[in-house]
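Below you'll find the structure, written out as structure tokens, and then a few comments.
Coordinate-derived values only; no laboratory data. Here the structure is a predicted model, which is why all the values come from computation and not from measurement. A quick note on method: Cβ atoms are made from the backbone with ideal geometry, for glycine too, and the neighbour counts reach across all protein chains shown.
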Amino acid sequence: MKMKKVFALLLAVLFVVTAFTACNETSSQESSGTDSKSQADSSSESSKEVESSEASTQTEGDIMTPYGKYPEPVQVSTAKRASSSPNFAAGDSLEDNAMSRFIKDRLNIEIVYDWTVDTQEYGNKLSLMLASNSLPDMFTLSSAEYLIYRQLVDNGMLADLTEAYEKCGGDYMKEVFASYDEENLAPFRQDGALYAIAGGNFGYQHSLLWIRQDWMEKAGITEAPKTLEDMEALLTAWKNNPPSDEYVGMAMSSTNIGGGYGASYSADPIFQVFGATPKTWIKDKNGEVIYGSVAPEMKEGLAVLADWYQKGLIDTQFATRTATGATDALFTGSQTGMAFAPWWYCYTLADLPHNDPDAKMTVVNAPLDASGKFNTAAANPAGQYVVVRKDYEHPEVALKLLNAEFDMYRGFDEEGAELIKPNLATGVDWEYMFPTGGVNLEYNTIIPDVALLARNYVDEGRLEGAPTATEYDKSTAIGAKAYADTGTLDDLAWVHYHGRYLASSIVDAPEVNLVKPVFSFVTDSMSDLKPNLDTLEQTTFLKIVMGELPVDAFDQFVTDWYAQGGQTMTDEVKAIVG
């Protein structure tokens, strides 16, 4: 295609980026908060220490290797999402910091930042650069900018990174990607070419069932719920004999009744009992691509919720709790004792043991389906991804930078790790400091991996056993054991016990059945169609649950969803995934 096609499509791209950045960045920031914990939680001390020694043995002539140093300085220009709190150590800046100096010393690569803009404007700025054919040499994209990526590929503007990945991808990088079965790279392979290096969006952050165990025991129930019937029995017992003066029922979000992967206070696990996976593009039992929220099985889940609401088992005021933190306060204020949320929900609940020292929590994979499986959506394996301008002379630079960044950050290169410590101590914004932005190299299994460390220490006194174990990881296990042994609430002991020992230990249990999405990006029409369709979905589900519409109204919702643009989106997704 000719460059003139870019101009014809630019306006559409701009609309897409503007519409999707707001909603996607909210999700990105939420997961980034979790990611940031896991970045710090997981600065891996894996066996990949050989990479640092490998780096020192490279000769200057070995350019196409993970650590081949260029004989002459190589300059690479890039762009950056601004940070409101970069938190660099004293004397360091975006242009000149411990990482950029390390990269210059080890690889002879100089980083030049063409521009820095707010996150909300990043995609729009790139679109303008695309139209004027003045792109940086290398830049990072997110799911919100997927249409820009497609325009770049369609117009032949990206470098093929296949050879660069094969020859310059480090051992650690390739082991990380292997933990995703390289599904993180799959969306960026076209016609035998690899046009982006995507970091892994590590998994196991799906919703679990969090329960006030002391309230459960007070009701005479000794075993945590496993099925929908068990959940209903416990909620009924609490309704009939409220465990606190202000008890309101099960907590739920009015905006996330079917919230999608990792959404706190959603009812996704209830829908998944019947085989539906809300807000996720999946293949149904017939192998057809479908948007999970319109699957016929959703109707069965809505019927359960409507019944529970009518019986007073769900917080009757859940639709009005829209202020930030309002639903969180129900749990920390001992007004509810049941909610769905990911493993890291313990951070949200950190005030609970201080507010109510007698509170005891448990977390389980529930409800199970008829076959005893806990069905849940899996994460989109692809996180942020880095691309390189086609005519840039050294596309392998992107791979070398990723190796060097994580050598420092994960501690594989001891000298580099020491250099970066002052920035880590000040809470540096790692995505802002890294030339490749938020491209994350972390094992898909890091959450259960760290849980293994905690289990071994709490249960057996062995501070070992995890494939990766950093000093921070060890501190979480030590905290978990301190709470298990003494019940201390000092520091984060309570949080580590419930998050790292209890919750993270069950995310990969045998009963867990991960339903993988077939598509997690955006299509051409979504910017125009999806906001209205999301509103239709949210409004309809809310009215059904609250009894303002009958459960059969779901059938009309499905018809309206397809008629108002859902069919167009479905056809586009099918065309992309095949």
Set of lysines with alpha-carbon distance to Lys543 below 17 Å, sequence-local pairs under 8 removed: Lys299, Lys311
Answer label, with volume of the Cα convex hull per residue in Å³ calculated from the coordinates and candidates (i) 310; (ii) 148; (iii) 191: (ii)
Segments 436-442, 511-517, 291-297, 165-171 sorted - mean Cβ within 10 Å per residue, highest first: 436-442, 291-297, 165-171, 511-517
Peptides 142-148, 539-545 ordered by average Cβ neighbours within 10 Å, highest first: 142-148, 539-545
Reachable aspartates and glutamates, given that their alpha-carbon falls under 18 Å from the alpha-carbon of Lys218 and they are not under 8 places away in the same chain: Asp230, Glu232, Asp245, Glu246, Asp356, Asp358
Neighbour-count order for Glu121, Glu393, fewest beta carbons within 10 angstrom listed first: Glu393, Glu121
Above-threshold pairs, the threshold being 23 Å between Cα atoms, out of Lys167/Lys574; Lys80/Lys390; Lys239/Lys360: Lys167/Lys574
Footprinting exposure proxy for Asp524, Asp245, Asp490 (fewest neighbouring C-beta atoms within 10 Å first): Asp245, Asp490, Asp524
All lysines inside 20 Å of Lys421 as judged from Cα atoms, apart from same-chain residues fewer than 8 positions distant: Lys37, Lys48, Lys104, Lys474
Projected area, mean over directions - segment 446-493, Cα convex hull, nm²: 3.0
Equivalent-ellipsoid semi-axes of segment 376-513, from the Cα gyration tensor, Å, largest first: 33, 20, 13
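Tally Lys and Arg at +1 and Asp and Glu at -1 over the other residues with C-beta under 12 Å from the C-beta of Ala306: what net charge comes out?
-1
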Antiparallel DSSP beta bridges within the chain, as percent of all bridges there, nearest 5: 65
